[in-house]
1. Check whether at least one residue in segment 36-47 is more than 25 Å from residue 124 (Cβ to Cβ), at pLDDT 95 or above and surrounded by 17 or more Cβ atoms within 10 Å (Cβ to Cβ), and report yes or no.
2. Can you tell me which residue within segment 108-126, out of those that are touching a Pro at 6+ places or on another chain (Cβ under 7 Å) and either at pLDDT below 95 or assigned to a loop (DSSP other than H, G, I, E, B) (or both), is surrounded by the fewest Cβ atoms within 10 Å (Cβ to Cβ)?
3. Scan (1) assigned to a loop (DSSP other than H, G, I, E, B); (2) at pLDDT 95 or above; (3) assigned by TED's automatic domain parsing to the domain that holds residue 83 for the single condition residue 266 breaks and write down its number.
4. Do we find that residue 287 is surrounded by fewer than 20 Cβ atoms within 10 Å (Cβ to Cβ) and assigned by TED's automatic domain parsing to the domain that holds residue 170 in this structure?
5. Check residue 396 against each of (1) polar (S, T, N, Q); (2) closer than 20 Å to residue 133 by Cα; (3) assigned to a loop (DSSP other than H, G, I, E, B) and name the one condition it does not meet.
6. Residues in segment 25-35 that are in contact with a helix residue (DSSP H, G or I) (Cβ under 6 Å, 6 or more places away or on another chain) and free of Cβ contacts under 8 Å to residues at least 60 places away in the same chain: how many?
7. Run down 343, 387 and say which single residue is crowded, with 17+ Cβ neighbours inside 10 Å and basic (Lys, Arg).
Amino acid sequence: MAVETKVRCQVGLTGNSAVAYAMKQINPEVVAAYPITPSTGVIEEFSSYVADGKVDTELITVESEHSAMSACVGSSSAGVRVITTTSSQGLALMWEMLYIASGMRLPIVLACVNRALSAPINIHCDHSDSMGARDSGWIQLYSETVQEAYDNMIQAVRIAEHPDVLLPVMVCMDGFITSHAIENLCLLDDSEVRDFIGEYRPKHSLLDIDNPITYGAFVLSDNYIEIKRQQSEAMVRARGVVAEVDRDFGSRFGREYGLVESYRMDDAEVAIVILSSASGTTRVAVDEMRKSGKKVGLVRPRVFRPFPYVEMQDALKGVQALAVLDRVDSMSSFGGPLFVETRSALYGAKEAPLVIGRIFGLGGRDYKVDNAIGVYKHLLEIKDTGRVEKLVDYITVRE
């Protein structure tokens, strides 16, 4: 069914440009940021919108990413809509303030252009930055394409500000692979975006002198655990809110992503689970394997926090062997975070598949169709033999 909306399709933009354009349309009251590769383009382009008077935003240029998130926390506490962007060491320098933002239940939106953490210094993509912050209380959306990064930024505002949630949201896209690649996408009309996100009406504000409140107070053991439980329950509720916002977005604009995307999974005997842009490469491998009659499929979680464990269980029903591919090593000696979460979600399920973990593409190492095909061939061997010889391993690496 065609969806009538004011859109401009087949516009070529990089991921950074698309995110900056979404920020222009959102028109937040405050953006505080410190540029860092490969997210620099986002704040560069957005600053031009500020300079040209195309937004009403107060752009705060700070001396570090820690200060950037500190300014975001203060601004959001005052009751305004706030967005920022960063990558890699910049996100790591925000670490202290990430927990404060989520603990204070502040609906800040952060565009994270994924880049490897040092050392050694590397400016290219892997997920060590955002996955390092996976337990900081931020909702995390992972974008496969430029279009999805643009759409996720707009949806993130609604998700974060939902009264049942009130948690910050991190919108992730792969550095250089997505952030600097030009893709055709459909842009919404400014009025459509404003209507979708609505006006932010904070329940509490530090500037409301008629109803004075305190943020960030010292809390001892008589209250701390109750506060953290409320925060945890908000993350539980966020699963339903993310899905609800996405359905509304789809009904209005014709693009709906869900919490988990399945590709050719109806009769799949083996499958790969993978995040972000690498899922597009894997999709090509699926089509190649299908030409020779191999029943292979792909599952891509769009949301990592809250982890969509119910949807993952449903998507992987009937699969006999499964490989979970992480673009980060958790350094636990037991695979990457996506592997651990997925395997945990399947634990105890009836006829659960044999699951292996593979780490790939660190520091921007290419992940190619042949790499995915190699994983699928190995999975088919596991399916036939019922044996897993190596639970966790690296691929795309020179031995």
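The values are calculated or read from the model by the stated rules, or taken from the named source; none is laboratory data. Note that the structure is a prediction, hence the values are computed from the model and not measured. Positions of Cβ are generated from backbone atoms using ideal geometry, with glycine treated the same way; all protein chains shown enter the neighbour counts.
1. No, that holds for no residue.
2. Filtering first and then ranking leaves 123.
3. If we test residue 266 against (1) assigned to a loop (DSSP other than H, G, I, E, B); (2) at pLDDT 95 or above; (3) assigned by TED's automatic domain parsing to the domain that holds residue 83, just (3) comes out false.
4. When the stated conditions are applied, residue 287 does not pass them.
5. (2)
6. 5
7. 343
A quick yes/no check of all residues on (1) over 26 Å from residue 139 (Cα atoms); (2) within 25 Å of the chain's Cα centre (by Cα); (3) assigned by TED's automatic domain parsing to the domain that holds residue 148:
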{"residue": "306", "(1), (2), (3)": "no, yes, no"}
{"residue": "318", "(1), (2), (3)": "yes, no, no"}
{"residue": "324", "(1), (2), (3)": "no, yes, no"}
{"residue": "337", "(1), (2), (3)": "no, yes, no"}
{"residue": "344", "(1), (2), (3)": "no, yes, no"}
{"residue": "360", "(1), (2), (3)": "no, yes, no"}
{"residue": "368", "(1), (2), (3)": "yes, yes, no"}
